[in-house]
1. Kindly report, to the nearest 10 Å², the accessible surface of Trp107 as traced by a 1.4 Å probe over protein heavy atoms only.
2. Near Thr659, within a Cβ-to-Cβ distance under 9 Å, what is the net charge of the other residues, with Lys and Arg +1 and Asp and Glu -1?
3. Where only protein heavy atoms count, and the probe is 1.4 Å, what is the accessible area per residue for the chain in Å²?
4. Accessible area, 1.4 Å probe, largest first: how do Trp173, Trp319 sort?
5. In what sequence, highest mean first, do 398-406, 94-102 appear when ranked by Cβ atoms within 10 angstrom?
6. Hey, can you rank 408-416, 309-317, 255-263 by average C-beta count inside 10 Å, highest first?
7. In deg cm²/dmol, rounded to 500, what helix-only [θ] at 222 nm does the chain give when every DSSP H run of at least 4 residues adds -39500 (n - 2.57) and the total is split over its residues?
8. Using a 7 Å offset from the Cα along the Cα-to-Cβ direction at both Val276 and Arg328, what is the distance between the two label points in nm, to one decimal?
Amino acid sequence: DLEVDSFTAFRDVSALFGFLFGVAIWLHSSHYFPKSRTDQPANSWQIATPYGIATLFFLLGIADILKQGVAMFAGAAVMSLFFLVLRFIRRRQIVIEYKQLNRIIFWTLISTSLGALALQYSLALSGIQAGFMGALLVFIPLSYLYTIGRYRLLELNLEVKRNIQYTILTIIWGVAVLGLLLMLLLTMAELTFDLPNIIVTGHSLEISESPLPESRRNLFENIILMVLALGLTYVFLKIKSFGQRFIDAKYFRGRHNYQQSANEIAEVMARNLSMVELARGIVEKLAKVMHLSRAGVLFFRNQQDCCCHEAHGFSRDEWTEFCIKIERKIVDVIQRFSSEVRFSVDYLPDELRAEFQQRGFRHIIPIRGKDKLVGTLLIGGMLSESPFNQEDLSFLNATAKQASVAIENAFLYEELAEQERLKLEFDIARRIQLASLPQTTPKLDELEIAGISIPATEVGGDYFDYLNGYPNTVTIIVGDVSGKGTSAALYLSKIQGILRSLQSFDLPPRELFIRANLLLCRDLERKSFITAIGAWFDANVRKLIVTRAGHLPMYHYRSETGEVELIQPSGLGFGLDNADKFSSNLEETTVKYKPGDVFLLVTDGITEARHSDGREYGEDGLLKILTSGDGKTARQIRDDIISSVKQFTQDTHQRDDQTVVVVKAL
């Protein structure tokens, strides 16, 4: 007996000491965990007070002034009250980060403590003496573990995989519901019912004043208990089903409706025509309907160039860096697996496999259209951390087939958009180039001038210009840049700007061309050159000076003789050679003219215009129009030349730019 009494006393004293000082230590630790508190210094009286309260109630308990159970709970209550009051007083000083980290611990402590006290009190009233309170208090250390794992505290990484969490919660929920149901059913078995004395006959129910036989009463009670048990079981099954659906939703275990998902993805593909919007729509919808942690899509142009890449679950910089690393390599790998509709990242070469696994990707689904690789889906793991089943993979394969058509349509859409953009830009460039040509014709007393330039494409390399100098004088320039199209138009703008700038120095045509060549030689490509002819007319003395830089000759119709002469001084094209050789080969020719004389400047787009049978227009047509041009204005002669060329070429496509300038002496 003495040993039993000593052991019992030691147990009770240890329990009292451990409980009271355990609460005090917990309050002390709250100053340092989960984060050091700056609102309550560690060396202040607030830390010592809980230990003093614990010591006081411990002494009251072992001296039998208070019963040990009362001392235990009273001491804990006083310390908790002290803590809560102090927390309330200093609530504005507590940093937000501490509140956030401590929230789970605080509310777990409050709820489990109240629950444990209520459970212990109810069991005590029932005369049951058992340590059920400890079963609830176990949630307190669990809250600490959760906080450490959730916020990576103490340099620890406590993480339980989601599928394990799901399994544990499912088991706990099922056991809890089943246990509560069994408890209620056992409680119901002890119930007695004060039933009326009902007598059932073949056609009626009668209530009798005399008590029913015991067997009959037991039968009615059993029937009622069975009905209640079935009803309670049904209710608990519904509760379990509702709770399980909640757990499934939290852990992304709900069953996928892939038919509906396929319709949703089809709508996304039909709605988005641009490549970026299509790619973004595919990955976002896939991630949503399949609960994927990460997903990506790459589009390939010409089966090799990655022209678009979008992802879900990545930062933009991380995803871009990843695509730069793998885009060329992944195409080669997929081409080797040309017969596969999908494959795991485990089949990738070591370097690529490490990159994909590091980013959390699990599967690669090529997207092929008409046996050509147009893209690929990169699929990460599910948020539930469960493996992919056959239905999941079949849905991904079907999505890839749908996507192939949408991607090809996106390519076509972008090509059409690009063509429209280029067409618009060329239209603008054409208007700018046409606007750069002379919009008005100089008015000279004894000269009539008419010019036109017709580009073969939206923009051209031919141009003409009128540079005014002294009164009743004009310098006419006709130029032709090698080639045609955009590059020719750019060089054309350059020489036009140079010549207009130099004209402000009132230079004669030869000096004007020499200085222009000095500037152009540094900028023109070796394969490019510019031909031009410049004619300075002085209507006061009826004289012109002609300089030619590799261009076609000027045609001079003399009204006195009715013949056409070619004015063809020697000269090299701009940009063909250095300044010395260009200037040494550049000649000037001075010509006197009389009223009725006609001068014609053209580009090779006129003389080399082709008939459908391959014949060139040549000079004969020009000479014929000039010799028959008596009585016609410069504009009429110009229009006759354009009409004659069109009639000669008929429906043949214009191959080169065409420029005509006619000057008639009055």
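1. Answer for Trp107: close to 150 Å² accessible.
2. Numbers: positive: none; negative: Asp462, Asp480, Asp657.
Spelling it out: positives minus negatives among the neighbours equals -3.
3. On the way: 37000 Å² over 666 residues.
Per residue, the chain has 56 Å² of solvent-accessible surface.
4. On the way: Trp173 75, Trp319 5 Å².
Greatest to least solvent exposure: Trp173, Trp319.
5. Values: 398-406: 20.0, 94-102: 13.9.
Result, highest mean first: 398-406, 94-102.
6. Working: 408-416: 15.6, 309-317: 17.1, 255-263: 12.6.
Ranking, from highest mean packing down: 309-317, 408-416, 255-263.
7. Values: 19 runs with 353 residues, N = 666.
After summing the helix terms and dividing by the residues of the chain, the value is -18000 deg cm²/dmol.
8. 2.5
The values are calculated or read from the model by the stated rules, or taken from the named source; none is laboratory data. On a predicted model such as this, the values are computed, not experimentally measured, just so you know. So basically every Cβ, Gly included, is an ideal-geometry build from the backbone, and we count neighbours across all protein chains shown. Protein only, heavy atoms only, side chains kept; ligands, DNA and RNA dropped before computing areas. Shrake-Rupley method; radii C 1.70, N 1.55, O 1.52, S 1.80 Å.
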